[in-house]
Structures are given as structure tokens and as C-alpha cells.
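Peer 1: Would you mind keeping the following structure in view while I ask a few things?
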Amino acid sequence: MNLSDSKKKLAFAGIVCGLVAVCLAWFGNPANMAFCIACFIRDTAGALGLHSAEAVQYARPEIMGLVLGSFLISVATKEYRSTAGSSPAVRFVLGMILAIGSLVFLGCPLRMIIRMSAGDLNAWVALIGFILGVATGVFALKKGFSLGRAHLTNRVSGGVLPALMLGILVLAVATPLLKSSTSGPGSMHAPLLLALAGGLIFGAFAQKSRMCLAGSIRDVILMKNFDLLTIIGGFFAVMLIYNIATGNFTFAFDTPGIIAHSEHLWNILGMYAAGFAAVLAGGCPLRQLILAGQGSSDSAMTVIGMFIGAALAHNFGLAASGTALNAETQEVVAGAVPFYGKAAVIICIAVCFIIAFTNKRSEGK
């Protein structure tokens with residue numbers, strides 16, 4: 001089964017993934033966040049005690065499902081390959097940058113598309129930064145950037161992250177050891193079995209279709225290939241119809257309740273950092289989870305970096321706050337990016353440039 005060899009199949013995969021996100025939103029996931037990789041990794045990191053922000057602590061079954069879904073489908077279709085390359089520390093840092101840039105924007109590239117489908121103009125502004133970040137990464141690729149070639153390794157190595165995700169799932173289901181929010185976004189979630197099933201389905205379809213937000217734009221810039229945009233288009237269309245049908249579509253900036261802010265420069269720069277890092281790492285946050293599930297230890301290091309980056313974003317006050325409605329005065333309180341969050345994004349972009357132009361293919365010969 002290959003879903004990436006025709007635009008019709010890619011569009012179908014996007015529609016299926018969109019329907020999964022719609023179901024999760026309908027049954028309790030936070031408004032306008034139906035399926036956000038960065039936010040859900042942050043919540044899961046909080047559940048594991050990696051950060052102490054009580055409003056965002058919940059072991060999201062969707063994250064475990066994505067990795068396990070990719071693992072199971074790749075094993076079933078004989079596409080599982082346990083591989084590892086080079087520069088694990090660099091990949092770890094890129095994972096941190098993916099998380100920090102996303103949490104300054106308040107969403108990963110996938111959530112950016114979801115927010116766009118709900119009329120959130122802040123997400124459309126952030127798209128500018130994401131495209132520019134991907135374009136910068138493509139420029140680095142053309143100049144010879146490489147973190148090294150992946151090689152086959154012991155099959156057990158590629159199964160480490162799926163095993164860890166299964167362990168977290170068992171802890172969440174069978175023990176009271178993990179933390180869980182009683183208020184805030186972490187307290188809003190679809191039923192566990194539905195969320196797990198959604199993650200498994202999404203993971204399987206994303207693996208077979210090579211779904212990647214950064215990769216779709218990279219292919220357009222690098223090869224004038226628009227195929228991967230088809231899956232994004234299918235996903236966007238389903239979410240757009242859902243948001244209009246349910247009255248969740250609001251074409252505006254400062255909209256309370258959708259966990260977003262209107263500091264345009266930092267929306268752009270946050271997604272610029274995420275887009276740049278995604279190309280250097282070989283895929284967006286979603287793609288990293290999928291690749292880790294099908295055996296890539298390189299992507300597993302990036303995923304671990306995302307967990308640590310998400311934890312640091314809340315431990316050190318880097319994450320932005322969303323526009324909200326004051327419960328007492330009913331006044332709109334604008335969301336904002338804290339000073340240290342702004343500084344962190346600038347540092348992340350600088351680090352991306354250092355990584356991009358100090359790692360060349362010729363060095364590995």
C-alpha cells in the first residue's frame with residue numbers, strides 16, 4: 001500500500017487525517033488545537049514531570065499513537081528500517097528549536113494549518129515565516145548542508161522510541177504516576193481510547209503518504225514538485241468545512257479562546273525557526289515522530305529534543321500566552337511573547353544558521 005504515488009491517494013490521506021482531527025476536536029480536544037504535535041509533546045512532558053506548568057500536563061495518547069501507528073504499519077508493509085546516522089547532538093538541538101519556535105507561535109506547523117482553517121489571521125501571518133524558514137533551509141541544502149548519511153543498525157535500536165512510547169501509554173492507563181491537569185488546555189481531551197485510535201490511524205496514514213508540512217514546501221522550492229501539498233490541501237479542506245459547519249470559523253486576529261496571540265513579528269520568527277530547523281532535521285515535528293516510529297534513531301533523537309525543548313519553554317517562561325477573556329471584567333486580554341521567549345527565538349535562529357553552514361557533505365568524505 002503506497003499513498004504517495006498519486007495526488008488522488010495523497011488527497012485521500014489528507015482527508016482521512018482531517019477527519020481524525022475533526023473527531024478529536026468534536027470529542028474534547030482544546031478548541032482550534034485538534035491535533036498539535038508541539039502542544040501535545042509539551043503536555044506529555046508535563047505529565048512526566050519535566051515541567052511544572054499545571055495547566056498543560058496530560059499524557060496525550062495521540063503522540064504515542066502516532067509513533068506506534070507508524071511502527072506497526074511499517075512493520076506490516078516491510079518498510080521498517082532500523083537506521084542511525086551522525087550528529088545525534090545536533091539533531092537533539094534541532095528538536096529543541098522545533099519545540100521552542102512552535103511554542104512561541106503557540107502551535108506546530110500542523111496546528112498552524114488547523115488555525116488557518118478556522119480563520120485565525122495570526123496563523124496566516126506565521127505561514128510567511130514558516131515558508132521563509134523552509135526556504136532558508138533549502139538554500140543551505142543547495143550549499144551542501146548534511147548531517148551525514150543514515151546507515152542500517154541493530155533492529156532493536158530503531159524500536160527504542162516506540163517501546164518508550166508504549167511504556168508511557170501503560171503508565172498513563174494503568175498507574176496514577178503521571179500528572180494530569182484539572183484546568184486549562186491539559187484538562188481538555190478526547191476519551192483515551194478514541195485519542196489513541198486517532199493517533200494510530202493518523203500515524204499509519206502519515207507514514208504511508210510521507211506527510212510533512214516542511215517537506216511539502218521544500219519540494220516546491222527545490223524541485224517544483226507540488227505533490228505533497230495535496231495531502232495538506234485535503235487536510236485543510238476537511239478542517240475548513242468542520243469549522244464553518246460548527247460555527248468555529250472566525251476571520252480575525254485577537255480572538256479569545258483559541259490559544260493564539262497577535263504579536264506578528266514573533267509569530268513570523270517563531271515559525272521561521274521551526275521551518276528552518278525542520279528542513280535541517282529532515283522533517284517537521286509530525287514527520288519526526290513518524291520517522292522515529294519506522295526505525296530512525298536520528299529522528300528519535302530529534303523527538304527527545306522536542307520533549308526537552310517543550311519542558312524548557314515552560315520551566316523558563318519562553319512560551320507565549322494566548323489572547324483570553326478576563327472572567328471578571330469580560331475584557332479581552334491580549335496574548336504576548338515574554339522577553340525570554342523572544343531572546344530564545346533569536347538564539348534558535350542563530351544556532352540554525354551555525355548548524356546549516358558548518359555541516360557540509362564534503363566533511364563526511
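The values are calculated or read from the model by the stated rules, or taken from the named source; none is laboratory data. Note that the structure is a prediction, hence the values are computed from the model and not measured. Cβ coordinates were reconstructed from backbone atoms using ideal geometry, including for glycine residues, and neighbour counts include every protein chain displayed.
Peer 1: All but one of (1) touching a residue at least 60 places away in the same chain (Cβ under 8 Å); (2) closer than 30 Å to Ile97 by Cα hold for Phe40, so report the exception by its number.
Peer 2: With respect to (1) touching a residue at least 60 places away in the same chain (Cβ under 8 Å); (2) closer than 30 Å to Ile97 by Cα, Phe40 is out only on (1).
Peer 1: Scan the range 194-248 for residues that are within 25 Å of Gly133 (Cα to Cα), among the charged types (D, E, K, R) and part of a helix (DSSP H, G or I) and jot them down.
Peer 2: Hits for the range 194-248 are Arg218, Asp219, Asp227.
Peer 1: Only one of these is hydroxyl-bearing (Ser, Thr, Tyr), closer than 20 Å to Val303 by Cβ and modelled with pLDDT of 95 or more: Ser74, Ser86. Name it. Steps first, please.
Peer 2: Numbers: Ser86 fails: modelled with pLDDT of 95 or more.
Every option except Ser74 fails the conditions.
Conditions tested, residue by residue: (1) in contact with a Leu (Cβ under 6 Å, 6 or more places away or on another chain); (2) buried (at least 22 other Cβ atoms within 10 Å of the Cβ).
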{"site": "Ile15", "(1), (2)": "no, no"}
{"site": "Ile37", "(1), (2)": "yes, yes"}
{"site": "Leu66", "(1), (2)": "yes, yes"}
{"site": "Ser70", "(1), (2)": "no, yes"}
{"site": "Thr77", "(1), (2)": "no, no"}
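Peer 1: Sticking with this structure for a sec: Does the range 224-239 contain any residue that is within 16 Å of Asn29 (Cβ to Cβ), surrounded by fewer than 18 Cβ atoms within 10 Å (Cβ to Cβ), over 19 Å from the mean Cα position of the chain (by Cα) and not charged (D, E, K, R)? Spell out the reasoning first.
Peer 2: Of the range 224-239, the ones within 16 Å of Asn29 (Cβ to Cβ) are 235, 238-239.
Filter once more, so that each one left must be surrounded by fewer than 18 Cβ atoms within 10 Å (Cβ to Cβ): none.
No.
Peer 1: Quick one: would you say Leu72 is in a helix (DSSP H, G or I) and more than 19 Å from Ala320 (Cβ to Cβ)?
Peer 2: Working: in a helix (DSSP H, G or I): yes; more than 19 Å from Ala320 (Cβ to Cβ): yes.
Spelling it out, Leu72 is indeed in a helix (DSSP H, G or I) and more than 19 Å from Ala320 (Cβ to Cβ).
Peer 1: Follow-up question, since we're still on this one. Here is a list: Leu229, Leu286, Leu269. Which entry is touching a residue at least 40 places away in the same chain (Cβ under 8 Å) and closer than 30 Å to Ser4 by Cβ? Reasoning before the result, please.
Peer 2: Values: Leu229 fails: touching a residue at least 40 places away in the same chain (Cβ under 8 Å); Leu269 fails: closer than 30 Å to Ser4 by Cβ.
Exactly one of Leu229, Leu286, Leu269 is touching a residue at least 40 places away in the same chain (Cβ under 8 Å) and closer than 30 Å to Ser4 by Cβ, namely Leu286.
Peer 1: Here is a further query. Just name the residue that is nearest to the chain's Cα centre (by Cα) out of those in the range 141-180 that are aliphatic (A, V, I, L, M) and within 19 Å of Gly85 (Cα to Cα).
Peer 2: Just the residues of the range 141-180 that are aliphatic (A, V, I, L, M), to begin with: 141, 147, 150, 152, 156, 160-161, 163-166, 168-174, 177-178.
From the residues that got through so far, the ones that are within 19 Å of Gly85 (Cα to Cα) too are 141, 147, 150, 152, 156, 160-161.
Values: Leu141: 22, Leu147: 21, Ala150: 23, Leu152: 26, Val156: 25, Val160: 20, Leu161: 17 Å.
Of everything passing the filter in the range 141-180, Leu161 is nearest to the chain's Cα centre (by Cα).
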